[in-house]
Amino acid sequence: MIELQHINRSWPFVLIILLILGLSFILSQFFELNGGLVEGIICPVIVLIFLLKVEKVTFKGRFNNLSFFILLGLVLSSFILLNILLTGVSQFVELISDINILVTITSIRFSILFSFVIYLTFKLIQVLYRRLQDLNLPGKYLIGIVPVISWIIGIKIYQSGKKLLGILVFFNLLLGILYILFVRGTKGYNYFGIQPAQISLYKKEKRRILKAKSISSKEKVALINVLTQKFENIEMIEKGKFITSETNRLLESEKINQVVENDLLQSRKDYFENYVNEIILKNNVKADWN
């Protein structure tokens, strides 16, 4: 998601993007360059600058289905408003009856919309990647969009316990996209971190503290430190619960039904507990409580 604080710090880059966009098409018209060539180069550059300087981009962690609905609503409303605005500008220019200005404005309009499409494509990939992780599945499974690879990944997902999604992905990940976008993720903690709802709750409480007019700056810092400690403890407790439940699940998956000695059982538990901890450490999933 785009953080407002990050946007406020990066608004000059938005202005730079708009200037690049306008100047590129004015120059393309002046030197009679191929408009499609300019758009094919400039639009991806604009999106790249936006992602690097305006939006905080990460593929780590999880993305819940509620956040997806909010993001979808923001994107669709932004697209509609942008299209209305650009259409209005084009109609205004038509009244001037200057064909050169109209061509330039039309090119800029198309390029903005094309940049928007590139951005949407990237966001869809990012959301799907982190939604898979919200379901306790590696985001790299997104490569299952390739038919042959989807067979292998579908079997792995099926064996993990998510049988319906596994069957869908087995035939092709495209069939499982709606499932991935709309189904609820795992509760509490998983291999990819704490439940996004906890992070949202933390940020909500933190904003309330920062907005409070009856509290001094020093007191706000102290309250935020207490709040951070509270959620770090929640994260630690949820992590412990997940490690225990996942260790038990992995033990049961081996289906060794015969009675084993306590020492052997403990040895197996230690093995799977270390295995779970290694994956969590590898994914670097500690929440950024700030």
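The values are calculated or read from the model by the stated rules, or taken from the named source; none is laboratory data. Being a predicted model, the structure only gives us computed values, none of them experimental. Here Cβ is always computed from backbone atoms with ideal geometry, including for glycine, and neighbour counts include all displayed protein chains.
Taking the listed residues 241, 230, 206, 218, the one that is at pLDDT 90 or above, part of a helix (DSSP H, G or I), surrounded by 15 or more Cβ atoms within 10 Å (Cβ to Cβ) and of a type outside the set (S, T, N, Q) is 206, with no other qualifying.
With respect to the conditions (1) touching a residue at least 24 places away in the same chain (Cβ under 8 Å); (2) within 25 Å of the chain's Cα centre (by Cα); (3) in a helix (DSSP H, G or I), residue 285 falls short on a single one, namely (3). Within region 246-265, not a single residue is under 30 Å from residue 207 (Cβ atoms) and either in a helix (DSSP H, G or I) or among the acidic types (Asp, Glu) (or both).
Would you confirm whether or not region 178-201 contains a residue that is among the β-branched types (Val, Ile, Thr) and free of Cβ contacts under 8 Å to residues at least 40 places away in the same chain? Looking for residues that are among the β-branched types (Val, Ile, Thr) and free of Cβ contacts under 8 Å to residues at least 40 places away in the same chain, one finds none in region 178-201, hence no.
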